[in-house]
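Everything below concerns the one structure shown next.
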Amino acid sequence: MKAIAICAIVTAAQARSIEILKIGFKHLAWLGTLLATAATADETLCIIPPLDSPPESQAPVYSQQTEGQVKFRAREGRVNRDGKITVTGDVEVRMGERFVRTNKAEYDPETESFSIRGDFQYLEPGLSISGSEGRISGTGKNINFTGSEFVLTERPARGSASEINISEDQLLLRDIVYTTCPEGNNDWTLRAKSMEIDQDEGWGVARNVQIRFGKIPVFYFPYLSFPVSDKRKSGFLLPTFGSTERSGTEFGLPYYWNIAPNYDVTYTPMFMSTRGWQQNVDFRYLGNKSRGTIELEYLGEDKSLRTERSYGLWKHNTTWGNGWRATTYIEDVSDRTYFEDFGRDIDTTSRTHLERNVQLDYVNDNWRISTRAQNFRTIDPTLADDELPYERLPQILVHGQGPTGLSALDWQLDLELVNFYRDTGVTGKRMNVRPGLSFTLGRPSYYLTPSVAWDYTTYDLDNTAPGQERKPTRSMPIFTLDGSLVFERTVKSKRAFVQTLEPRIFYAHIPFRNQDNLPVFDSELPTFNTVELFRANRFIGIDRLGETDQVSIGITTRILDGSQGRQVLSATLGQAFFLSDRQVTLPGQAPLTSSSSQLIAELDLALYRKWNLDLVYQWDPETDATAISQTRVQYLPTQSSVINVMHRFQKGVLEEADFSFVLPFTSRWGLLGRLNYSLRDNATLERLIGLEYKSCCWGLQLVSRKFISRRSGESDSSFILQIELKGLSKIGSRASNVLKNGILGYPGN
């Protein structure tokens, strides 16, 4: 673009201000993308102040700046014999929100460019650059700096480059040094001979890249590409490594393949010194109405077993709109001990079944309809045939509810049609229909809901035992009455608190029907808790509908911080009282004759934002003993430390102690650990000990871990090392995942 105006004005103080106005300036934000794509929202980074800025020019400005203009001002200016204009003293070259400050600059009308002689500073939102020499085109589309240092203030990060070239579509840097460490501290640096960023392509390329700790190179990449926009690019990712007792030393080098905008795959060859090479594939796809993932693991020959091992998982979701959705979840393994050998935690290694489920759902304001086919692969060899789960081939579920149009009277309808199958035992079809009505009277301070329903169930059975009915039925009413009050008061101490008192009463009546002739496909007794306290049927599943004539009473109190709304305390006490014995049972169980349920007490207490106490206690009046208890105390002395102590007990099932902590012993070094111990079995379930280093620009986690990895009680041990270069990436095993899962309240959770 040609110059619109060149004007020289002498002020009364004899200071000259020269302004050159240009249009066509385009927003430049290139350096703000430099290596910033690896940032995470919860990172705590160093405070890096912007480079020292020269004082703002006090020279008067006589023309208005308009969008797309480049202009400069200075104390003095003169026109040289060659036609170039030299300006000195508090020089500012402005390009919208971006400008350069220096003491001397030269404008060439012929090439429409500015040359900067001497020290300068380039400023834009989030970025400052200082250097010794520079050149700016009159349109602002091409900028060149040499001998420069830069600070990304929003990142924050800093660095230097022997040359920085900014054009309309590209950024080129040479001899670059980059770090997120503060000035004077180069704990780690990324160095590259050259770096190019292309706006149109949305990616950057760096050559001859080194990652250094201090002065020691620890990684070298002859070629490194990275995204600077939402666009993805194929290439190698940073390696992972670790060690386990069963698999030996592990090393993986992931490769990301951007197949298409809606397809990508990450392929990771993983070397395990005692097993061999494992191939891992993670494929993702996205359509207009569907998305999904396919995960595959394949070990051609496990050297320790002389056999091939594999694992596969397919997750798919399709949403058509108007309430229709389809989901698929299919999982399989080559052998029953796969998770015991390759699992990383007790939840994985103790898995007993793998689910395969294909489901179609429809939902609107009044109806939810689901159709599915579901089966399971059992991988626990200790399970007997009669303990194996049934396949549902298929199952149709219908739930409807809505107003009747008569005051507060609502209707409900539940319908199920299902075919149960497995290789052994009775199989067959089941239909269940449950229509109902409920009437709700309520205000914010209370509610009362009576409801009535009729439950009808019929079967068509195969493989029945001699004398067993093939088409049994069951029909019975269900009546419930549920009501609650909410009282509230203000408690004043140093600050105002709000306390509530919420009594609740629940009555349920279901008459007795002998159900010994009915099969048990999916019914069981759940663990008793406050949810079960206010349910009419003590069983889950359709095959058993337990008769009852019970009154459940509960009371809850809460204390809320009146100024913040934060819950300080929640306490609940509840118990059910039975007016008759319960004769309906599962096979092999005796009738229930107690006049009351277990007494439930729950407490959730948060004091001064440092102490948390959770208590669950169930007392069995029939045995006059504790049935279930769980106590957890958490202490958070600082934002970077936590101590957890937990005890869990379930009569005849388990008793465990769990202790975990993160304790800094200097401003940067910390000790962390966990011990999960079974008091019932006198065995360690998991033991973890580690060191952690955290600064504002890098971190290190070194963890030794031992955990139960087999159903027989055998354990596996692992060694985990992770290095985090904040603002860049994490190198090594994912120690942070292990720590977040194992230590409640781990800083960063």
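All of the numbers you see were taken from the coordinates with simple rules; none came from a lab. Note that this is a predicted model, so its numbers are computed, not measured. Cβ sites come from the backbone with ideal geometry, for glycine too, and all protein chains shown count toward neighbours.
When the alpha-carbon atoms of the range 255-295 are used, the pair Rg, Dmax equals 13.1, 44 angstrom. For the pair Leu525 and Ile396, a Förster radius of 22 Å applied to the C-beta separation gives a FRET efficiency near 0.25, rounded to the nearest 0.05. A Cβ-based charge dipole, computed about the Cα centre of the range 466-635 with Lys and Arg at +1 and Asp and Glu at -1, lands at about 820 debye. Debye sum, Cα scatterers, the range 466-635, no solvent: what log₁₀ I/I(0) at q = 0.14, 0.19, 0.20 1/Å? Debye intensities relative to I(0), on a log10 scale: -0.85, -1.23, -1.31. Subtracting the Cα-Cα distance of Thr458 and Asp169 from 0.36 nm times their residue separation leaves 96.9 nm of extension gain.
Taking the centroid of alpha carbons for each part, the range 490-568 and the range 681-698 are 38 Å apart.
Each part gets one Cα centre, and for the range 292-308 versus the range 388-420 those centres are 42 Å apart. Figure legend: label point modelled 7 angstrom from the Cα of Glu154 along Cα→Cβ; residues of the range 93-110 with amide N under 19 Å from it are 95-100. Net length available on complete extension from Asn322 to Met431 is 36.5 nm, with 0.36 nm assigned per residue and the Cα-Cα distance removed. When you restrict to C-alpha pairs under 8 Å that are six or more residues apart and normalise by the size of the chain, the relative contact order lands at 6 percent. Distance between the modelled labels on Leu313 and Leu607, one decimal in nanometres: 4.1 nm (7 Å Cα→Cβ projection). The tail of the calculated P(r) for the range 401-534 beyond 20 Å holds 64 percent of all Cα-Cα pairs.
Extension gain for the segment Leu721 to Leu417, taken as residue separation times 0.36 nm less the Cα-Cα distance, is 104.2 nm to one decimal. When Rg and Dmax are taken over the Cα atoms of the range 169-217, they come to 12.4, 36 Å.
Summarising the label geometry, the points placed 7 Å from Cα in the beta-carbon direction at Arg668 and Val363 lie 4.9 nm from one another. A DSSP coil position with no more than 15 other Cβ atoms inside 10 Å describes the following GluC sites (Glu not before Pro) in the range 632-722: Glu714.
Note on Glu112 and Arg78: their simple-model spin labels are 2.8 nm apart, each label 7 Å out from Cα toward Cβ.
Neighbour counts of C-beta atoms inside 10 Å place Cys697, Cys46 in the sequence Cys46, Cys697, starting with the fewest. With r as the distance between the Cβ atoms of Arg710 and Ala373 and R0 = 30 Å, compute the FRET efficiency 1/(1 + (r/R0)^6) and round to 0.05. Efficiency, rounded to the nearest 0.05: 0.40. Partners of Lys303 within straight-line reach, counting lysines whose Cα lies under 29 Å from its Cα and excluding those fewer than 8 residues away in the same chain: Lys706. Applying the Karplus relation 6.51 cos²θ - 1.76 cosθ + 1.60 with θ = phi - 60° to the range 521-536 yields 3J(HN,Hα) values of 8, 9, 8, 7, 8, x, 5, 5, 7, 5, 5, 5, 4, 10, 10, 6 Hz, where x marks Gly and Pro. Computed over the Cα atoms of the chain, pair by distinct pair, the Kirkwood hydrodynamic radius stands at 32.7 angstrom. Can you divide the C-alpha Rg of the range 639-749 by 2.2 N^0.38 Å and report the result to two decimal places? Computed over Cα atoms of the range 639-749, the ratio equals 1.17. By the helix-only formula, in which each DSSP H run with n ≥ 4 contributes -39500 (n - 2.57) and the sum is divided by residues, the chain has a 222 nm mean residue ellipticity of -500 deg cm²/dmol. Counting residues in the range 572-648 as N, plug N into 2.2 N^0.38 Å and put the Cα Rg over that result. The reported ratio for this selection is 1.58. Principal semi-axes of the equivalent ellipsoid, √(5λ) from the alpha carbon gyration tensor of the range 477-576, are 39, 14, 8 Å from largest down. Volume per residue for the range 228-349 equals 133 cubic angstrom (convex hull of Cα atoms).
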